[in-house]
Amino acid sequence: MTVDTKARLAELRERMSAQGVDLVALAPSPHMDWLVGFHPMLCERPCLLLVGPEHEAFLMPALNAEGARESTAIPFYVWSDDVGPRAAFAEALANVGGTAARHVAFDETMRIDFAMLLLDALPGAKRSFTDDTLGYLRMRKDEREYAALKKNALIADRAMQAGFAAIRPGMTESELAAIISDHFSAEGAPMQFAVVATGPNGAFPHHHTGDRKLAEGDAVVMDIGGRTDGFPSDITRMAVVGRAPEGYGEIHSIVERAVQAALKAARPGVLARDVDAAARKVITDAGYGEYFVHRTGHGMGIGGHEPPYITATSDTELAEGMVFSIEPGIYIPGRFGIRLEDIVILRADGPEILSGLSRDVYGAAIPG
Ligand code: ZN
Ligand code: ZN
């Protein structure tokens, strides 16, 4: 993925200065992808991207230097196995003006042995994670990121339809997942996960797709995602095999109304927890509150699940350009589960759904 590193560094420095952060330290991670468009392989050899008020530097293991050099013009401070990273690290830190840093923002995915280099060098500095700086910027997607997410969403729609078309009594969950996976691969977006949960298995939100055979009267939860162009997809739809189980139609419509309530609540300036509350209220008022056992959604971008999390406790103020899932569910132990999930991008006037696929149940459903 190509990114405009110069523009993103400028945005990041503006945000750092507003937040009083004078050093941002990144490990090979989605944060690094966002800023420079790639990351060297993560291994036990310390590799850091340090961003100071005016300069930036890569602490780079020698064996990764040549490959990485093709991807960035940022100065490298290379260290080899026979010398170790400390001297190169000290030099890199000094050259970004980090030696006197008073507030360091750490990539929250950083290995503790990498972080220890910084903690040892800056014992008195205030420490935080990047959620107020780089993480904050990453939540708002630009049009190129939107285009990649949209492309992935449409591929996932077609993979879902391939799954729908293949549903037959007697096939296993794994066989159905394999058909979906083949479709993702055929479109160049390898599948990253598939939760295919049939009948009573649907009551487990993170069911491990297995050998259960689809049977007449099963509700089928299909939560799938692939990845291409550096971005993922994530969508959940429902199908039934033949006649829907008793009570299915009513519960599906409650979950659908919860999705719509969340869509209506999601506006720039609203807190993430108010979107969660809107979905939860519909389900609780219908008497199924205890069966909605997870948050309403999660942000989505380079890293898959990422902020903003749409939870009952999140104070994150939603803003234009944020991308997140809305995925309420009701899980009835021993019988079935129903989850409906869409990924949205927040626009000035409300959310735009990336998928073009109806949330109606697929199959020859006779509402139970
Ligand atoms: Zn999701
Ligand atoms: Zn999902």
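Structural remarks
- The HN-Hα couplings worked out from phi for segment 58-66 by the Karplus form 6.51 cos²θ - 1.76 cosθ + 1.60 (θ = phi - 60°) are 9, 7, 10, x, 3, 6, 9, 5, 5 Hz, whole numbers, x standing for Gly and Pro.
- Accessible-area composition of the chain, carbon plus sulfur, in percent [1.4 Å probe]: 54 percent
- Global geometry of segment 143-353, whether rounded, prolate or oblate, following the gyration tensor of its Cα atoms and the 1.5 cut on a/c: oblate
- Segment 5-138 shape via C-alpha gyration tensor axes, a/c threshold 1.5: oblate
- Taking amide H as placed 1.01 Å from N in the peptide plane, the amide H of ALA286 sits under 5 Å from none that are at least 5 places away or on another chain.
- When all protein chains stay in place and ligands, DNA and RNA are ignored, the 1.4 Å accessible-area order of ARG102, ARG243, ARG339, ARG267, largest first, is ARG102, ARG243, ARG267, ARG339.
- In segment 193-282, a dipole from Cβ-located charges (positive for Lys and Arg, negative for Asp and Glu) runs towards its positive end, and of PRO245, GLY210, VAL282 it is VAL282 whose Cα lies farthest in that direction.
- Three-way shape label, the chain, alpha-carbon gyration tensor, a/c 1.5: prolate
- Helix 86-95 and the long axis of the chain differ in direction by around 90°, with both axes built from C-alpha atoms.
- Segment 229-238 - phi-based ³J(HN,Hα) in whole Hz, Karplus 6.51/-1.76/1.60, Gly and Pro as x: 6, x, 10, x, 10, 6, 8, 10, 9, 10
- Value of relative contact order over the chain, rounded to a whole percent, pairs C-alpha under 8 Å and six or more apart: 14 percent
- Using a probe of 1.4 Å, the accessible surface attributed to ASP81 totals some 100 Å² when neighbouring protein chains are kept in position.
- The alpha carbon centroids of segment 260-295 and segment 222-245 are separated by 21 Å.
- What the phi angles of segment 174-189 give under the Karplus curve with 6.51, -1.76 and 1.60, with θ = phi - 60°, is a coupling list of 5, 5, 5, 4, 5, 5, 5, 4, 4, 5, 4, 4, 4, 9, x, 10 Hz, glycine and proline written as x.
- Among LYS126, LYS281, LYS264, the largest mean-square fluctuation in a Gaussian network model of the chain (Cα springs under 10 Å) belongs to LYS126.
- Mean accessible surface per residue for the chain, computed with a 1.4 Å probe while every protein chain stays in place, in Å²: 42 Å²
- In degrees, nearest ten, helix 272-285 long axis to first principal axis of the chain (Cα): 20 degrees
The values are calculated or read from the model by the stated rules, or taken from the named source; none is laboratory data. Just so you know, these numbers come straight off a predicted model, no measurement behind them. Positions of Cβ are backbone-derived with ideal geometry, glycine not excepted, and every protein chain shown enters the neighbour counts. For accessibility, only protein heavy atoms count, side chains too; no ligands or nucleic acids. Shrake-Rupley method; radii C 1.70, N 1.55, O 1.52, S 1.80 Å.
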